[in-house]
Amino acid sequence: MKRFIERRPVWSLVILIAAAFFLWLVFAIWPDSFEDFLKEDVGGWIGGDFGKQFGRALSRKKVFLSALLDGVTLAALYFLIAAGFTLIFGLMRNVNLAHGSLYLFGGYVGYEFAEWTGYWLLAFPAAFVVSAALGVLLQVLVFRRMEGEDLRQTLVTIGISIVLADVMLWIWGGDFYQILAPSWLSAPVETFLASAQKSSGEIVYLKYSSIRLVILVAAIVLGVAMWLALNRTRVGMLIRAGVDDRDMLSATGIPIQVVFVCVFAFGAGLAGIGGVVGGTFQSLAPGEDTEYLLSSLIVVIVGGMGSIPGAALGALLIGLADTLGAAYFATYAVVFKFLIMVAVLAFRPRGLLGRS
Amino acid sequence: MAVTEHPGGETARQGSGFWPSVWNAPASRWGFAAILLLIPAAAGDFWLLQVYGWTFALGIVALSLQFLGGYGGMVSLAQMTIAGFAGYMVAIFGTSSVEHISLGWPWWLNIPAAIFLAVIFGTITGALAVRTEGIYTIMITLAIAAAFFFFVNQDYVLFNGFSGFNSVLPPTLFGVDWREPTAYYYMTLFFAVLAYGVVLYVSRSPFGLALQGVRDNPRRMAALGFNVTAHRIAAYAFASVIAAVGGLLLVWSNAQVSPGTQSIDWVINILIIAVVGGMSRPIGPFIGAFIFVLLENWSETALAWVGLSPERFKLVIGLGFLAIVLWSRDGVLGIWESWRARSRRDPLTGRAPGDDA
Amino acid sequence: MTDTGVTIAERMSANATQSALELRGLGRMFGALAALADINLTVRPGERRAVLGSNGAGKTTLFNCITGDFLPTTGSIRFFGEDITAFPPQERIRRGLRRTYQISLLFTHLSVIDNVYLACRGVSRGRFSLIRPRRDEALMQSAVELVDLVHLAEVRDTIVAELSYGQQRQLEIAMALAGAPRFILFDEPAAGLSPTERRDLIEILTNLPGHMGYIIIEHDMDVALRVSESVTMMHNGRIFKEGRPEEIEDDEEVQALYLGGGHGHG
């Protein structure tokens, strides 16, 4: 960091100012003049109906804060799914295009289990175990038999995802399912972020969904735990060494196939947990397997294949692109994440944190 | 990432030009050609349009994937997207029911412009995809395909959003209505044979040979003086021409183009067609397309027959695809090759003729 | 002004003392391991030189740096006076540099003639041509001649995967001779060859046109010393001796380190 400042003083200053401005945007109460500037001037520059709408949306701090929090919490969901995908790819070079199916399947299983037991929290272990078991099957029956045959592995997982999608449609139909969080979690909480100031001088604090915040915290804890496990424990370091040099891993006498199965099961289980989270945030429906597969592909391409911090960074960027895009440019919101991907590919083909 | 076994040996050197190999073709080939030409005399409109015409048009799009995947080792999922892009362009430059967008250019300007822009689009896609190697290609092209699908779904300025364009008709050349079943059949047959012949011819040209060299060993190709990246991008450009032609035929068959034309499902379907048919030779995609179209049209009947809901069509496709990928390295072509090798083998010695001891 | 002055002066001096290959302070690190360190080597046009050394001495790494398979960490490479240090491989090849590989890197699904034809095409125009080659095309003619030169005429249309090991090695050489090479790097061309094939190889190498220089890495001293007029000894990524073949053969230090069999194989 110090070296970066010394080498690129101008850029460091720009980044510092941008960060300070961002913090101000988040924590300060936006002065009226600033709101007017956004509404009238920025809206006016763009012009037309779109400019008017855009300016209006831009001038409301509540829109900005909600989009920001939505983005960060959506990033938590993306991270859960993409971390499993990238972990599996990083260690085994397996591209599992059935990862989205594991997500949706885990979600459905979690839904059924929560309905049956009446406990939302139990949906998580259930989804984890079932998706992990499916992952183990995939690893043993598909990937192990086709080691080194990238393309065939990919084709087989595409086939499996088509079959699973139809089986799930068969069982659960085309309806939307929502996994209901317990009442103590579903009420919104007041955050410490000011969204506006009333004319009486009273400060209005933003209310935000507590369940999304809890999941965000859980995802951060999980991410940090994964990072620590990979960087600070013996097994983790061995796995990381195995990423660089497969032969070395087998030379240490570690039962490499057992490690592979465990990592695969863990990654698949994370996707299952992602399904429960997605089912609680939003809903579960056919087609979301492909949608979340695509999102996690983009996350790992942007962040760098095989890197856990990369998955976190990619998830944050893509999550924010999705929600900020939806808040300000509703029409083309879906395209932003692809633009980010294209830009990253053009300048850093291996992803932001990927190694060349 | 070699896609398949590449049996190029047998067909490799039947004369160095294209025509000699055509004239020397065995009688079975001539018979097959005669059947293709005579089909409209026997087949009904449904078969001509929905089965054969659709097979040729889908086969052409899948052929562009076969060229990239089989000869170039690059499995691109963006081929249907390029085809759909060409369809959109022809609707925008030409005539359609959406009069406030369509420009109404004459066909001789409209069609070349559509193909040209589709090639530009495909080349940019390729330039992005070849920055990384191997399995990344599938993921990146899938993401590009999804991006285009979502974009046209949302954009009403140029692509008319969810509803797309209707009444996109082929030009009435030589006084023929090319959407009439027999005419459509011959038009798609003509372009299918043309595309097939061109791919076969180019596969033995310096460009095609070098592409196969790049597939097998990019490092060595650079050490022979070839610019590997440029070659790969050029392959995308070439494949885009084929995909664009297939896209126009597809759009004309329905007279409409919409986001659904290149939905994720269809993007995957093209992969299924190419893989099921076999990627080692350009005939593979057409075999795959024929099987796909037959399944698409008759799986409902077959499913009802075994007591399943007709909705399980995708299950049939998925399981069939899985079976082919698991049991054959080169789709139907691979099964055919191994069956032929087995039947040629002497039952007593277990040796194929020509095998040295 | 000074810039152009320097360039011209450089070119003048390069022309005056023009060497085929000139390496200055070449080094290559793999992580913390120095595979090559401070290599200074000058080879005249038409000179035939052997590079000897035990496994891991950095010989193949040296070739990889010269052909651009990977870039050197330090130092510069000049090829007939031109600085090619940062050129991509294909640009070096198009300037007349060629190499063969220790482990054959051939296109195993293509026929012999197609392999050689690709090599000829790579250093000529029309790399992107969509027109099939005709039998009487000049490039195809020269490919046929090269195939004949390395005694592979009988298997000209055979798929490379079906060739014997020795035939594949000979094909490697034919591909290195494609176009108009000015300088060739041979990486252990005799490895795995039968005695007859070795004789053929020596004959091919000694009969190369006089202006065609080469560097040969070879473990078979018999072959190496017969086809070279100068020898460079490498050890642990460094050059430690240069001389004529006889000198090297008689050198005690060399014998102790390399010929005496103390290091690996002989």
- Of all helices (runs of 4 or more DSSP H) fully inside the stretch A:97-213, the set with 3 or more residues that are without any contact (Cβ under 8 Å) to a residue 60 or more places away in the chain, farther than 22 Å from A:VAL276 by Cα and open to solvent by less than 10 Å² (accessible area, probe 1.4 Å) is A:150-172
- Restricting attention to the stretch B:210-228, the residues that are more than 14 Å from B:SER280 (Cα to Cα) and at the interface with another protein chain (Cβ under 9 Å from one of its Cβ atoms) number exactly 13
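Within the stretch B:247-257, can one find any residue that is away from chain C (no Cβ under 14 Å), hydroxyl-bearing (Ser, Thr, Tyr), open to solvent by 30 Å² or more (accessible area, probe 1.4 Å) and part of a helix (DSSP H, G or I)? Give the derivation first.
Residues of the stretch B:247-257 away from chain C (no Cβ under 14 Å): B:247-257.
Still in the list and also hydroxyl-bearing (Ser, Thr, Tyr): B:253.
After this cut, where a residue has to be open to solvent by 30 Å² or more (accessible area, probe 1.4 Å) as well, the list is none.
No, the stretch B:247-257 contains no residue that is away from chain C (no Cβ under 14 Å), hydroxyl-bearing (Ser, Thr, Tyr), open to solvent by 30 Å² or more (accessible area, probe 1.4 Å) and part of a helix (DSSP H, G or I).
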- Task: Would you check which residues across the stretch B:153-181 are surrounded by 15 or more Cβ atoms within 10 Å (Cβ to Cβ), away from every other protein chain (no Cβ under 14 Å) and part of a helix (DSSP H, G or I) and list them?
- Result: B:PRO181
- Enumerate the helices (runs of 4 or more DSSP H) found wholly within the stretch B:265-357, keeping only those where 2 or more residues are modelled with pLDDT of 90 or more and buried (at least 24 other Cβ atoms within 10 Å of the Cβ). B:284-305
- Given C:GLU154, C:GLU137, which one is among the acidic types (Asp, Glu) and over 25 Å from C:ASP200 (Cβ atoms)? C:GLU137
- Note on the structure: Of those in the stretch C:99-112 that are facing another protein chain (nearest Cβ under 8 Å) and within 21 Å of C:ALA180 (Cα to Cα), the residue most open to solvent (accessible area, probe 1.4 Å) is C:LEU105
- Message: If I ask for residues that are of a type in the set (Gly, Ala, Ser) and part of a strand (DSSP E or B), which ones from the stretch C:17-60 would you list?
- Response: C:GLY25, C:GLY27, C:ALA34, C:ALA35, C:ALA37, C:ALA50
- Query: Scanning for something under 28 Å from C:GLY179 (Cα atoms) and of a type in the set (Val, Ile, Thr), does the stretch B:183-192 turn up at least one residue?
  - Reply: no
- Would you check which residues across the stretch C:67-86 are within 11 Å of another protein chain (Cβ to nearest Cβ), touching a Phe, Trp or Tyr at 6+ places or on another chain (Cβ under 9 Å) and either of a type in the set (A, V, I, L, M, F, W, C) or open to solvent by less than 20 Å² (accessible area, probe 1.4 Å) (or both) and list them? C:GLY68
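Yes/no matrix, rows are residues, columns are (1) open to solvent by 60 Å² or more (accessible area, probe 1.4 Å); (2) out of contact with any Gly (no Cβ under 6 Å at 6 or more places or on another chain); (3) more than 12 Å from chain B (Cβ to nearest Cβ); (4) at pLDDT 85 or above:
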position	(1), (2), (3), (4)
A:ALA315	no, yes, yes, yes
A:GLY325	no, yes, no, yes
A:PHE329	yes, yes, no, no
A:TYR332	yes, yes, no, no
A:PHE338	no, yes, no, yes
A:ALA343	no, yes, no, yes
A:PRO349	no, yes, no, no
- Item | Tally of residues being among the small types (Gly, Ala, Ser) and facing chain A (nearest Cβ under 10 Å) across the stretch B:106-129 | 2
- Please determine, by comparing only the residues of the stretch B:192-230 that are of a type outside the set (Gly, Ala, Ser), in a helix (DSSP H, G or I) and more than 18 Å from B:GLY70 (Cα to Cα), which one is least open to solvent (accessible area, probe 1.4 Å). B:ARG220
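Filter the stretch C:228-239 down to the residues that are in a strand (DSSP E or B) and open to solvent by 30 Å² or more (accessible area, probe 1.4 Å) and list them by number. Quick ask: steps written out before the conclusion?
Residues of the stretch C:228-239 that are in a strand (DSSP E or B), as a first pass: C:230-235, C:238-239.
Hits for the stretch C:228-239 are C:HIS235, C:ARG238, C:ILE239.
Does any residue of the stretch A:269-281 turn out to be surrounded by 21 or more Cβ atoms within 10 Å (Cβ to Cβ), assigned to a helix (DSSP H, G or I), modelled with pLDDT under 85 and of a type outside the set (D, E, K, R)? Explain how you work it out, then say what you get.
Narrowing the stretch A:269-281 to residues surrounded by 21 or more Cβ atoms within 10 Å (Cβ to Cβ): A:269-280.
Still in the list and also assigned to a helix (DSSP H, G or I): A:269-280.
Subset that is modelled with pLDDT under 85: none.
Within the stretch A:269-281 (the criterion being surrounded by 21 or more Cβ atoms within 10 Å (Cβ to Cβ), assigned to a helix (DSSP H, G or I), modelled with pLDDT under 85 and of a type outside the set (D, E, K, R)), the answer is no, since none of the residues qualifies.
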- Output the number of residues of the stretch C:124-150 satisfying the condition of being in a helix (DSSP H, G or I), within 9 Å of chain B (Cβ to nearest Cβ) and open to solvent by less than 30 Å² (accessible area, probe 1.4 Å). 1
- Task: Please verify whether the stretch B:233-241 includes one or more residues that are within 7 Å of chain C (Cβ to nearest Cβ), under 30 Å from C:ALA180 (Cα atoms) and not in a helix (DSSP H, G or I).
- Result: no
- Item | Segments classed as helices (runs of 4 or more DSSP H), wholly inside the stretch C:158-227, with at least 1 members that are open to solvent by less than 50 Å² (accessible area, probe 1.4 Å), touching a residue at least 12 places away in the same chain (Cβ under 8 Å) and closer than 25 Å to C:VAL123 by Cβ | C:165-176, C:195-206
- Check the stretch C:66-86 and report whether any residue there is over 23 Å from C:GLN168 (Cα atoms), part of a strand (DSSP E or B) and out of contact with any Leu (no Cβ under 9 Å at 6 or more places or on another chain). yes
- Being assigned to a loop (DSSP other than H, G, I, E, B), open to solvent by less than 20 Å² (accessible area, probe 1.4 Å) and within 12 Å of chain A (Cβ to nearest Cβ) narrows it down to one of B:THR137, B:THR132, so name that one. B:THR132
- Checking C:ARG121 against (1) open to solvent by 20 Å² or more (accessible area, probe 1.4 Å); (2) within 14 Å of chain B (Cβ to nearest Cβ); (3) without any contact (Cβ under 8 Å) to a residue 40 or more places away in the chain; (4) outside any helix (DSSP H, G or I), the condition it does not meet: (4)
- So C:SER104 fits all but one of (1) small (Gly, Ala, Ser); (2) at pLDDT 80 or above; (3) within 23 Å of the chain's Cα centre (by Cα); what number is the exception? (2)
- State whether the residues of the stretch A:264-282 include one that is within 14 Å of another protein chain (Cβ to nearest Cβ) and of a type in the set (Gly, Ala, Ser). no
- Find the residue count for the stretch A:119-165, including only residues that are of a type outside the set (Val, Ile, Thr), more than 16 Å from A:ALA271 (Cβ to Cβ) and at pLDDT 90 or above. 1
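What are the residues in the stretch A:165-182 that are of a type in the set (A, V, I, L, M, F, W, C) and more than 8 Å from chain B (Cβ to nearest Cβ), if any? Break it down into steps so the answer makes sense when it comes.
Filtering the stretch A:165-182 for residues of a type in the set (A, V, I, L, M, F, W, C) gives A:165, A:167-172, A:176, A:179-181.
Within the stretch A:165-182, A:MET168, A:ILE171, A:TRP172, A:PHE176, A:ILE179, A:LEU180, A:ALA181 meet the criteria.
I need the full set of residues from the stretch A:60-79 which are open to solvent by less than 10 Å² (accessible area, probe 1.4 Å) and of a type outside the set (Lys, Arg), in order please. Let's see the steps before the verdict.
First, pick out the residues of the stretch A:60-79 that are open to solvent by less than 10 Å² (accessible area, probe 1.4 Å): A:61, A:65, A:67, A:71, A:73, A:75-77.
Across the stretch A:60-79, the qualifying residues are A:LEU65, A:ALA67, A:GLY71, A:THR73, A:ALA75, A:ALA76, A:LEU77.
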- Task: Of the conditions (1) within 18 Å of B:ALA62 (Cβ to Cβ); (2) within 14 Å of chain A (Cβ to nearest Cβ); (3) open to solvent by 20 Å² or more (accessible area, probe 1.4 Å), B:PHE150 clears all except one; give me its number.
- Result: (1)
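The values are calculated or read from the model by the stated rules, or taken from the named source; none is laboratory data. Because the structure is a prediction, the values reported are computed rather than measured. Cβ atoms come from the backbone with ideal geometry, glycine included; neighbour counts cover every protein chain shown. Each accessible area value is taken on the protein alone, full model and side chains, heavy atoms only, with ligands, DNA and RNA left out. Shrake-Rupley method; radii C 1.70, N 1.55, O 1.52, S 1.80 Å.
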